[in-house]
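Have a look at the structure below, then the notes.
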Amino acid sequence: MTNSSRLGHRMLVAGVVLLVALFVCIAIALRVGAVGIGYGEILREIGQSLWNVLTRHHDDSTSIIFDLRLPRILLAAFTGAVLAAGGAALQGLLGNPLAEPYTVGVSSGCVLGASMAVVLGWDSSGAGWIIPLCAFGTGVVAVALVFAFARRAGRVDVNTFLLSGIIVGALFWAITTFLLTARTDDLGRVFIWFAGSFETPSPWGYLAMVDRAAVVTLGGLYWFSRDLNAYALGEETARQLGVEPERLKAWVIGLVTFGTAVTVASAGVIGFVGLLVPHAMRRVLGADHRMLLVTSALGGACLLVLADALARGLAPPREIPVGVITAAVGAPVFLYILTRGSRKAAQDRP
């Protein structure tokens, strides 16, 4: 069996296992909430809602499952897939095990846009779309600044890029804090963007925005998976294999920024997904990006679906922010990676 066929077989097995796990997570999440619903009732509600759509029958009643929980769960799945695959791609591109989508400054930029929309009173118009649009716009501006600072002599320096992301992120967080300090009565409405939540005013509408961004982001990153494998051998080796490093950097960073900005604009800041999942998949399945990007996307979807279920089910009818759940899991892993890297560096030092 050739290496390519072995990889294909492993991808198929891992993909099937993770897809089954994702369906199980979705089935569990559908039952969780302030109102407990059995699987028989869940199937009946979904079937009735689909029948109404197919027959174009207008029904004014709200289905808890089809209108509220299902789009929210799918939104969590797509968000987790984008963040996890983005983390895997950035770690490979930047050569830093602590890199993830939020290190590029997009989260702080998005929170600033959301805060400005609330403070200026724009959130009362636009059917709930003004805040995500403002968040997306400022998120892109933040990353554009990071990209500009990191570009020297026509090249993007990966180390400078990480440092620039931290600096620009700190600047945008400072501006946001100043805005909220001046308008303390708006703090509660902006808190959702700091902590992350999939409770949206238009679940299916937000899902329609995120799923398209996810298809573009995940498809684009997988397109460059072979190039990322070559880049991992060094820039000179990558050039000899026909890969243009600067073009690869621009595309990967652009795709991760786009996907992350859309997800943050829809659900707020949900950290550690892009850090936690790729490391787990890399330890189990190896560093080949063709395998890593696919499994990270599916693993990230599972993680956020379960995290959202916990957020809804731990203290009903109140919800715990999803970002709190992911931080509680991700922070210890972050510390483990950090200390493990420090110990390894100390052992390698002469």
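The values are calculated or read from the model by the stated rules, or taken from the named source; none is laboratory data. For clarity, every value in this text was computed on a predicted model and none was experimentally measured. We place every Cβ from the backbone using ideal geometry, glycine too, and count neighbours over all the protein chains shown.
For this structure, a couple of remarks:
- For the range 211-260, the set of residues classified as within 18 Å of residue 146 (Cα to Cα), in contact with a Pro (Cβ under 9 Å, 6 or more places away or on another chain) and among the hydrophobic types (A, V, I, L, M, F, W, C) consists of 256 only.
- Selection status of residue 212, closer than 24 Å to residue 154 by Cβ, without any contact (Cβ under 8 Å) to a residue 40 or more places away in the chain and of a type in the set (Lys, Arg): no
- Search result, residues across the range 12-41 that are surrounded by fewer than 19 Cβ atoms within 10 Å (Cβ to Cβ), β-branched (Val, Ile, Thr) and modelled with pLDDT of 85 or more: 13, 16, 17, 20, 24, 28
- Matching residues, the range 226-237, being surrounded by fewer than 18 Cβ atoms within 10 Å (Cβ to Cβ) and either among the acidic types (Asp, Glu) or in a helix (DSSP H, G or I) (or both): 226, 235, 236, 237
- Complete set of residues in the range 169-194 that are surrounded by 13 or more Cβ atoms within 10 Å (Cβ to Cβ), in a helix (DSSP H, G or I) and modelled with pLDDT under 80: 180, 186, 187, 189, 190, 191, 192, 193, 194
Rundown of residues vs (1) modelled with pLDDT of 85 or more; (2) more than 29 Å from residue 229 (Cβ to Cβ); (3) among the charged types (D, E, K, R), yes/no style:
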{"position": "255", "(1), (2), (3)": "yes, no, no"}
{"position": "280", "(1), (2), (3)": "yes, no, no"}
{"position": "308", "(1), (2), (3)": "yes, yes, yes"}
{"position": "322", "(1), (2), (3)": "yes, yes, no"}
{"position": "334", "(1), (2), (3)": "no, no, no"}
{"position": "342", "(1), (2), (3)": "no, no, no"}
{"position": "350", "(1), (2), (3)": "no, yes, no"}
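- Put simply, of 79, 103 the only residue that is in contact with a helix residue (DSSP H, G or I) (Cβ under 9 Å, 6 or more places away or on another chain), of a type in the set (S, T, N, Q) and at pLDDT 85 or above is 79.
- Residue match in the range 93-105 (condition: farther than 15 Å from residue 194 by Cα, touching a Lys or Arg at 6+ places or on another chain (Cβ under 7 Å), buried (at least 24 other Cβ atoms within 10 Å of the Cβ) and touching a residue at least 40 places away in the same chain (Cβ under 8 Å)): yes
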